[in-house]
Every structure is written in C-alpha cells, then in structure tokens.
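Worksheet: the structure to be examined is printed underneath.
The values are calculated or read from the model by the stated rules, or taken from the named source; none is laboratory data. Given the structure is predicted, the values throughout are model-derived calculations rather than measurements. For neighbour counting, all protein chains shown are included, and Cβ atoms are generated from backbone atoms with ideal geometry for every residue, glycine included.
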Amino acid sequence: MTTVVFADLVGSTSMFGRLGDETASRFVTQLVGMLSKIFEQHNGRVVKVLGDGLFVTFQNEGEALAACVQVQNHLHENSILAGGSGAPVEMQIGMEAGDVVEIDGDCFGDTVNSAARLADLAGASQILTTEKVWKALFPVQRASLRSMGPMHLRGRSEVSHVYRVEWQAAANGEATMVGRSLHAVPRKETLELTFGTTKVHLSPQQGSITLGRSPEATMMVNDPRVSRQHATLEWRGSQFVLSDASSYGTWVYLGDQSEAMVLRRTECYLVGAGTIVLGCAREDDNAPLIAFGVKARGMVS
C-alpha cells in the first residue's frame, strides 16, 4: 500500500498578483525545493512538482504523517513570509493510502485522486486524511487525528471518513476545524443564518432547510451565480451539515480563516461561526454572503 500526499500553497494566485510573476516564481521555486527536502528526509519520493505544490508518495503512513506535520511546523515556527510581502506562507495538505498504478515514474489511480481532493478540501495550514491512514497508524499517532465524519469527496461515489490532523496543539480548534467527531455528546444547539435582513434558524428537530434562487427555498438568494436548489443544511448525528448541490459551488469560511473550503457536490460540517458564499468567492463583486453561527439553544437573536 502506498501513501500519497498532495501539498498545495494557499493563495498563490493573489501572491503572483502582489509580487509579480518573476519574484513570485523565484520564491515558489525556493519554497518547493525546501519542502521537497523535508519530505525526502522522511523517505518520501517527490513524484512531481505541481507549480505551487508537491505530489509525494511514501511506503509508510507514519513517515508520511510525520513529514506533513514537520512541513506545517517548519512554516509556522519560522514565520516564512511570501517573498517579503508580509503574508505568511500556508499549505493545505491531503493524504490518502491505497493502491496506485505507476507508469514511467508517475502515479495514477483512485488513491491519488482522493489525496488531491482532500488537499482541495483542506483549509489553510490543515492536513486532512482518511480512515485508511488512521487504521494504519500507531496509537500514539492516531491521538493527533480528529474525526470530521463521513464526507463525499468530489468525483467519488462512496463516502470517505475524513480526519483532521491536529499538528499544532495550541491552535484555536474552533477557528480551524471543519467538523468534530461524530461520537461527540449531542448538545442543544441552533444554527442561525443571516442574509441581509433575513434570518433563518435550524434546530435538530426541524429536519433540513434549503438555500437557493428558487422562491421555494427556505432562504431565497436571488443572484445569477446561485442555483435554484443550491445547498441543503441539516442536522445529522450531532452536527449541522452543509451539502452543495449547485452548478458553481459553495465557499465556506470558518472562523477567521481567510481561505475558503470550496464545496462542489461535496459537504462539510459547520461549527462556531463563519460565512457561506453561494456561487463565488467572498472577494467577488456583490458576493451573496450568508453569515452563520452555531449557538446554544436559548441564545438565538
């Protein structure tokens, strides 16, 4: 079994816009070279450099996890800035284990696709993996993984049980986590959504609510970028789940994160507070912004 890692630089497009192509390209080349050495120190094989990211394979899940954690710690502890622009460098990392097909040094297959989707799903400075990796780790390493529950990764029909690696013990969990363990004790919570002057509430007893351009939607958002039935929110297990069913996707900003988790026919768990944007990124003109907050029952405004 091979462990596949995709590590992508967050916000590279805006960095190239700020620094210019020549400066940004030189910086990214140096950064990728430095990260490649870290992966190789843990017996990783850099299959290819993907512009602003890396595609790496390992023969051992524990070594792959250790390498990913060292990469995040190195960027954080050394306060690496993007080409002197003042913006901290952050990576989003996806890791999956399974069979791969190797042809002329390149790797293909469902495991590779899954790792890439996990990297897309990860937020800034996050490492996401699956139950396959969790099962293969030693108990001491499993302790750093937190369940986000089952999720549909884009392009995959079956559900993947996703885990987040808590590589930074002092991090504010609520500001960075996409979800919590499905085995958590259920609490009395209400999800509050605000779009302009419209407020909608969802409690565990309600079933589900819909967001979209259709007049029949629970929260109607009249914008050409919004699908008629754009997204659904429901209480599942002990979590509020947002499921995208749109043509253009849904951007979810958790806590104070500047980078969004982009859902395209996938889903995520909502915790704390943040912003949901239907059909585009938050920075786009007149983006349809929906503020959300998960609150204890009785605190709803």
Which one of the conditions (1) assigned to a loop (DSSP other than H, G, I, E, B); (2) in contact (Cβ under 8 Å) with a residue 60 or more places away in the chain; (3) in contact with a helix residue (DSSP H, G or I) (Cβ under 7 Å, 6 or more places away or on another chain) does Gln92 fail to meet, given that it meets all the rest? (1)
Unique residue being in contact (Cβ under 8 Å) with a residue 12 or more places away in the chain and out of contact with any strand residue (DSSP E or B) (no Cβ under 9 Å at 6 or more places or on another chain) when the list is Ser227, Ser243, Ser247: Ser247
Identify, by number, the condition in (1) farther than 22 Å from Gln141 by Cβ; (2) over 22 Å from the mean Cα position of the chain (by Cα) that Asn43 doesn't meet. (1)
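A quick yes/no check of all residues on (1) surrounded by 15 or more Cβ atoms within 10 Å (Cβ to Cβ); (2) among the β-branched types (Val, Ile, Thr); (3) at pLDDT 95 or above; (4) assigned by TED's automatic domain parsing to the domain that holds Tyr163:
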position: Asp8; (1), (2), (3), (4): yes, no, no, yes
position: Leu19; (1), (2), (3), (4): yes, no, no, yes
position: Val32; (1), (2), (3), (4): yes, yes, no, yes
position: Gln41; (1), (2), (3), (4): no, no, no, yes
position: Gly51; (1), (2), (3), (4): no, no, no, yes
Just one listed residue, out of Glu216, Glu259, is part of a loop (DSSP other than H, G, I, E, B), acidic (Asp, Glu) and either assigned by TED's automatic domain parsing to the domain that holds Val159 or under 25 Å from Ser125 (Cα atoms) (or both), and it is Glu259
Find the residue count for region 101-111, including only residues that are in a helix (DSSP H, G or I) and in contact (Cβ under 8 Å) with a residue 60 or more places away in the chain. 1
Could you tell me whether Ser85 is of a type in the set (S, T, N, Q) and at pLDDT below 85? yes
Output for Cβ contacts, cut-off 7 Å, separation at least six or different chains, first residue without any contact (Cβ under 8 Å) to a residue 60 or more places away in the chain and more than 24 Å from Gly149 (Cα to Cα) in region 265-294, second buried (at least 16 other Cβ atoms within 10 Å of the Cβ) and polar (S, T, N, Q), reads Gly279/Ser246; Arg282/Thr275
Taking region 112-154 as the region of interest, how many residues are outside any helix (DSSP H, G or I) and either more than 24 Å from Gly53 (Cα to Cα) or more than 9 Å from the chain's Cα centre (by Cα) (or both)? 17
Sole exception among (1) crowded, with 21+ Cβ neighbours inside 10 Å; (2) closer than 15 Å to Glu192 by Cα for Ala273, by number: (1)
Do we have any residue at all in region 194-208 that's crowded, with 16+ Cβ neighbours inside 10 Å and in a loop (DSSP other than H, G, I, E, B)? yes
Being touching a Leu at 6+ places or on another chain (Cβ under 9 Å), under 20 Å from Ser203 (Cα atoms) and in contact (Cβ under 8 Å) with a residue 24 or more places away in the chain: is that true of Ala217 here? no
Is it true that some residue in region 115-131 is over 22 Å from Trp251 (Cα atoms) and aliphatic (A, V, I, L, M)? no
Run His42 past the list (1) more than 24 Å from Asp106 (Cβ to Cβ); (2) touching a helix residue (DSSP H, G or I) at 6+ places or on another chain (Cβ under 7 Å) and report the number of the one that doesn't hold. (1)
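Of the residues that make up region 215-228, is at least one over 19 Å from the mean Cα position of the chain (by Cα) and basic (Lys, Arg)?
The initial filter retains those residues of region 215-228 that are over 19 Å from the mean Cα position of the chain (by Cα), namely 215-228.
Within this subset, residues satisfying the condition of being basic (Lys, Arg) are 225, 228.
Scanning region 215-228, I find at least one residue that is over 19 Å from the mean Cα position of the chain (by Cα) and basic (Lys, Arg), so the answer is yes.
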Going through region 40-68 one residue at a time, which ones are in contact (Cβ under 8 Å) with a residue 40 or more places away in the chain and assigned to a strand (DSSP E or B)? Val47, Lys48, Gly53, Leu54, Phe55, Val56, Thr57, Phe58
